[in-house]
Amino acid sequence: MKLVTAIIKPFKLDDVREALSEIGVNGITITEVKGFGRQKGHTEMYRGAEYVVDFLPKIKLEIACADDVVDGIIGAIIDTAGTGKIGDGKIFVAPLEQVIRIRTGETDEHAL
């Protein structure tokens, strides 16, 4: 099992969610986050004063999945979240040792 974590631009969320749904992903955790990488920040004006916004709003997706669907998930995210511009985001894949469904006590892939 794997945990796929993706950081994407907020306006791409609906497209990514639809693409993941089409390939059979039925569970996603979504969190609003802020951060920066190569995109850095940007300057804005507020009441005549210029200030730097260091952290940009992003969406963090977390998907627990079986090993055989990881490539499909990665492909769907890249195809729908990519704009070709800086700040498109990143995808992280990590091993997932154990999953337990609290309601039934099912474990591992049965709990996904």
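Full extension of the chain between residue 31 and residue 71 yields a length gain of 12.2 nm, computed as 0.36 nm times the residue separation minus the alpha carbon distance. For residue 88, the accessible area of its heavy atoms, probed at 1.4 Å with every protein chain present, is near 30 square angstrom.
Ignoring ligands, DNA and RNA, what accessible area per residue does the chain give at 1.4 Å, in Å²? Write down the numbers at each step before the final one.
Details: 7720 Å² over 112 residues.
Ligands and nucleic acids excluded, the result is 69 Å² per residue.
Mind checking the angle between helix 70-81 and the chain's longest principal axis? C-alpha axes, 0 to 90 degrees, to the nearest 10. Taking Cα atoms only, the helix is inclined about 30 degrees. Taking only Cα atoms, what is the 0 to 90° angle, nearest 10, from helix 13-22's long axis to the longest principal axis of the chain? Relative to the chain, helix 13-22 is tipped by roughly 20 degrees.
Antiparallel as a % of all DSSP beta bridges within the chain, to the nearest 5? Intermediate values should be presented prior to the final figure.
Numbers: 26 of 26 bridges.
Antiparallel: roughly 100 percent of the beta bridges in the chain.
Heavy atoms only, probe 1.4 Å: what % of the accessible area of region 12-112 goes to carbon and sulfur, would you let me know? Summing carbon and sulfur atoms, their accessible area is 50 percent of the total for region 12-112.
With +1 on the Cβ of every Lys and Arg and -1 on the Cβ of every Asp and Glu, and nothing else charged, how large is the dipole of region 1-87 about its Cα centre, in debye rounded to the nearest 20? The partial results should precede the final answer.
Values: 11 positive and 13 negative charges, 95 e Å.
Computed about the Cα centre, the dipole is about 460 debye.
Solvent exposure of residue 112, expressed as accessible area, is near 70 Å², computed with a probe of 1.4 Å over the protein chains only.
The values are calculated or read from the model by the stated rules, or taken from the named source; none is laboratory data. None of these values were measured; they are calculated from a predicted model. Every residue, glycine among them, receives a Cβ derived from its backbone with ideal geometry; neighbour counts consider all protein chains shown. To get the accessible areas, we keep the full protein, side chains included, count just its heavy atoms, and leave off ligands, DNA and RNA. Shrake-Rupley method; radii C 1.70, N 1.55, O 1.52, S 1.80 Å.
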